[in-house]
Amino acid sequence: MAKVRVRQHVNPLSHKYRHPIAPPDWNQVYQDMTQPLHLDIGCARGKFLLQMAQVEPEINFLGIEIRQPLVIEANQERERLGLSNLAFVFGNMNVAPEILLQSLPADKLFWVSIQFPDPWFKQRHSKRRVVQPELVIALAKYMVAGGWVFLQSDVESIALEMTERFQAHPHFVRQHQTPWLEENIFPVPTEREKSTYNKGQPVYRSLFRVR
Ligand SMILES: C[S@@+](CC[C@H](N)C(=O)[O-])C[C@H]1O[C@@H](n2cnc3c(N)ncnc32)[C@H](O)[C@@H]1O
């Protein structure tokens, strides 16, 4: 399939993206709504989830991505592969995330991954970063006790900020004493993770359990 050319970044604070995510009818999306759910925030072309959905067919997967052409492409690939445990939805996870989260099959949200989010290095752009305190609060409300949050980045300051924001919430318990988790907990690396390793650069990871 021809690769869609898209902008590398979009500004999540721009007017165009200031709408809550429109949840689809989940009954039309997932074949088995009773399966536990893994939400991947900022899934880009969805390569990670397209593989995970095949490796773990007893889990439902949901990718959220703000760049719409990538979502269209990922959903075409999902259809081509006939995966009924996977969905990609366009939208900005920082606008009223509870609208999407409360629409999900109840008590099923076991995993949330946020992997290599856009760093938006400048301090004046820090509000564009995806892990905002409001998102952490919304996830705490809708995630299942015993669930997992997995974070990774190639930028240590961003990994630290994400980690501190989850750690500040009493629902999330960090699972390691070392500053960073050595290994990815999932059997599939993301595109960004692979390119970071190929460049010989470190990856900073954190893992939280939901209380
Ligand atoms: C650097 S890419 C990493 C993609 C993938 N997770 C990986 O590890 O290869 C970060 C992705 O997050 C998306 N993103 C950034 N802010 C977002 C937001 N507020 N809501 C949804 N997606 C967002 C970007 O468009 C981009 O595709």
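The values are calculated or read from the model by the stated rules, or taken from the named source; none is laboratory data. Just so it is clear, the structure is predicted and the values come from calculations on it, not from any experiment. Don't worry about glycine lacking a Cβ; one is built from the backbone with ideal geometry, like all the others, and counts go over all protein chains shown. These accessible areas exclude ligands, DNA and RNA; they are computed on the full protein's heavy atoms, side chains included. Shrake-Rupley method; radii C 1.70, N 1.55, O 1.52, S 1.80 Å.
Only a single item in (1) under 22 Å from Glu193 (Cβ atoms); (2) open to solvent by 30 Å² or more (accessible area, probe 1.4 Å); (3) modelled with pLDDT of 95 or more; (4) of a type in the set (Val, Ile, Thr) is not met by Val6, and it is number (3). Counting only residues that are of a type outside the set (Phe, Trp, Tyr) and more than 16 Å from the chain's Cα centre (by Cα), which one in segment 121-143 is nearest to Val210 (Cα to Cα)? Selected residue: Lys141. Applying the criterion of being away from the ligand (no atom under 16 Å from the Cβ) and in a helix (DSSP H, G or I) to the residues of segment 155-182, the residue that is surrounded by the fewest Cβ atoms within 10 Å (Cβ to Cβ) is Glu164.
Restrict the check to segment 63-78 and report whether at least one residue is within 28 Å of Arg209 (Cβ to Cβ) and either away from the ligand (no atom under 16 Å from the Cβ) or basic (Lys, Arg) (or both). No. Checked against (1) under 18 Å from the mean Cα position of the chain (by Cα); (2) under 20 Å from Asn94 (Cα atoms), Gly147 passes all but condition (2). Filter segment 37-58 for residues that are surrounded by 23 or more Cβ atoms within 10 Å (Cβ to Cβ), near the ligand (Cβ under 8 Å from one of its atoms) and under 9 Å from the mean Cα position of the chain (by Cα); which is nearest to Met143 (Cα to Cα)? Going through the qualifying residues, I end up with Asp40. Among the residues making up segment 77-136, those that are open to solvent by less than 60 Å² (accessible area, probe 1.4 Å), of a type in the set (D, E, K, R) and closer than 24 Å to Ser206 by Cβ are Lys108, Arg128, Arg129. Restricting the first member to segment 177-199 and to residues that are within 20 Å of Ala53 (Cα to Cα), and the second to residues that are modelled with pLDDT of 95 or more and in a helix (DSSP H, G or I), the beta-carbon pairs closer than 6 Å and six or more apart or on different chains are Pro187/Val55; Val188/Phe48; Val188/Gln51; Val188/Met52; Thr190/Phe48; Glu191/Lys47. Suppose the filter is under 23 Å from Lys199 (Cα atoms), open to solvent by less than 20 Å² (accessible area, probe 1.4 Å) and in contact with a Gly (Cβ under 9 Å, 6 or more places away or on another chain); does Gln152 pass it? So Gln152 fails the test. Against the numbered list (1) farther than 19 Å from Asn94 by Cα; (2) in contact with a Leu (Cβ under 8 Å, 6 or more places away or on another chain), Asn27 comes up short only at (2). Among residues of segment 40-56 that are under 21 Å from Gln8 (Cα atoms), those with a beta-carbon under 6 Å from a residue that is assigned to a helix (DSSP H, G or I) and within 12 Å of the ligand (Cβ to nearest atom) at least six positions away or on a different chain give the pairs Asp40/Leu49; Cys43/Leu49; Ala44/Leu70; Arg45/Leu70; Arg45/Ala74; Gly46/Ala74; Lys47/Glu191.
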